[in-house]
Amino acid sequence: MKETNSDPRLAGLNVYRVGGAVRDELLGWPVYDNDWVVVGTTPDAMRKRGFKPVGRDFPVFLHPETAEEYALARTERKSGHGYGGFEVHASPDVSLEEDLLRRDLTINAIAQSTEGELTDPFNGQGDIERRVLRHISAAFSEDPLRVLRTARFLARYASLGFTIAPETQALMRKVSHSGELEHLAAERVWVETEKALGEPSPEVYFTTLERCDALNVWWPELAGEALVKGLAAMAQVPDSDMFALAHWRYAQLVSPLSAERRDALSERLKLPNAVAQLARHTALTYSLINHSLTNHPLTNHALPSDALEGPSVLRWLERLDGWRKPEQVEGQLALVKVLAPEQVSPLENAWQAAREVSPQALIAEGYQGAALGEALRARRGQAVEAALTK
């Protein structure tokens, strides 16, 4: 643990490291960030010590040198719907135990003093040993985002043998049926989902939400067989850093959906444009490969070398906007390497041949306006066809 009691800015303060840093250190999991809670002081006192206030809804301060977060001990009371419907009480009389009580799971409610002493009023250490995710109190149900967070934690720690306590599963199902999940902001839902998609066992996030009846609130398109197919596809992602792993996994997850259902899900989650576009492009690649499968049955479990057809490949390159954004084609070629590796070389050859068609050369031949566009597309089509038939 990082020593903080030698920091003059913290002299005389009751400071504790809390939450994920303590949990992950006890688990032997990598610790990347520290969060701190300060007991028995005021916002004014923190400002006078040089801390920079950043909290909108409750007093949180950034250390001026380390930029780590220091939050004043607080309690919360439900006052409305959704993630933000709380009244916060932060004052010097809020104890460390009261602050820990407002947290979601026992494993997240362990505090560590600057001397290394642990405060664990809800036996989070015991649940770490038992590999159990367990809610602290019935107040868990007041914040519907905790249903998603618990599923995300399971996606992170399932490989360590963690499970969700039966009583916590029951409470998650109760929240799902209460209608509270519908009041979450789409952006918060996506943030949790994006994090889960980057965890070691992302499929666990979705199967957990399905078991507690939360999946049909925000992801109804993934019900039943669509989820089974999506999770199978999600297990295959390109070895490419061109897009984030979480975004590749999302694109694969929704690849079995129709365009209408995929777009409806994208709109509901208010996905970033880059993520929604990657999902559309991935669907185009599946369509290209499936078209080849339809017209050319598998031989020895592989597509024959002449399975790809020039017009289909040209349309694929055009819809990927390859001439203006070649990186989008390169990304999809990485996916083809996973889905149909025998077709990577023909597609790469077709792509390079099409790129070598020069608009300037056609202009020099006298083409202009609409005729130039038509000639350019025709020459590219010829180049693709010639590359595929080599």
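The values are calculated or read from the model by the stated rules, or taken from the named source; none is laboratory data. Being a predicted model, the structure only gives us computed values, none of them experimental. A quick note on method: Cβ atoms are made from the backbone with ideal geometry, for glycine too, and the neighbour counts reach across all protein chains shown. For accessibility, only protein heavy atoms count, side chains too; no ligands or nucleic acids. Shrake-Rupley method; radii C 1.70, N 1.55, O 1.52, S 1.80 Å.
Quick notes on this one:
- Test: residue in the stretch 79-86 that is open to solvent by less than 70 Å² (accessible area, probe 1.4 Å), assigned to a loop (DSSP other than H, G, I, E, B) and either farther than 28 Å from ALA139 by Cα or at pLDDT 80 or above (or both): no
- Condition broken by GLU199, with the remaining ones in (1) charged (D, E, K, R); (2) farther than 19 Å from THR106 by Cβ; (3) open to solvent by 60 Å² or more (accessible area, probe 1.4 Å) satisfied: (3)
- SER292 being modelled with pLDDT of 75 or more and under 33 Å from the mean Cα position of the chain (by Cα): no
- Pairs where the first residue, in the stretch 240-254, is closer than 18 Å to ARG152 by Cβ and the second is among the basic types (Lys, Arg), C-beta under 8 Å, 6+ apart: ALA246/LYS195
- Evaluated against (1) at positive phi; (2) among the acidic types (Asp, Glu); (3) part of a helix (DSSP H, G or I), ASP213 falls short on exactly one condition, (3).
- The residues of the stretch 324-341 include none that are polar (S, T, N, Q) and assigned to a loop (DSSP other than H, G, I, E, B).
- Scan of the stretch 10-53 for residues that are touching a residue at least 40 places away in the same chain (Cβ under 8 Å), of a type in the set (Lys, Arg) and surrounded by fewer than 17 Cβ atoms within 10 Å (Cβ to Cβ), ordered by number: none
- Residue in the stretch 250-266 that is part of a loop (DSSP other than H, G, I, E, B), among the polar types (S, T, N, Q) and touching a Leu at 6+ places or on another chain (Cβ under 8 Å) present: no
- Pairing residues of the stretch 156-171 that are over 13 Å from LEU27 (Cα atoms) with residues that are open to solvent by 30 Å² or more (accessible area, probe 1.4 Å) and not basic (Lys, Arg), at Cβ distances under 7 Å and at least 6 apart in sequence or on separate chains, gives THR168/HIS135; LEU171/HIS135; LEU171/SER141.
- Among the candidates GLU221, GLU194, GLU225, residue that is over 30 Å from VAL329 (Cβ atoms), open to solvent by 10 Å² or more (accessible area, probe 1.4 Å) and acidic (Asp, Glu): GLU225
- Residues being modelled with pLDDT of 90 or more, assigned to a strand (DSSP E or B) and farther than 25 Å from ALA139 by Cα are entirely absent from the stretch 28-38.
- Every residue from the stretch 216-235 that is over 16 Å from the mean Cα position of the chain (by Cα) and not in a helix (DSSP H, G or I): ALA223, GLY224
- In the stretch 202-215, of all residues being surrounded by fewer than 22 Cβ atoms within 10 Å (Cβ to Cβ) and under 15 Å from TYR157 (Cβ atoms), the one that is nearest to the chain's Cα centre (by Cα) corresponds to GLU203.
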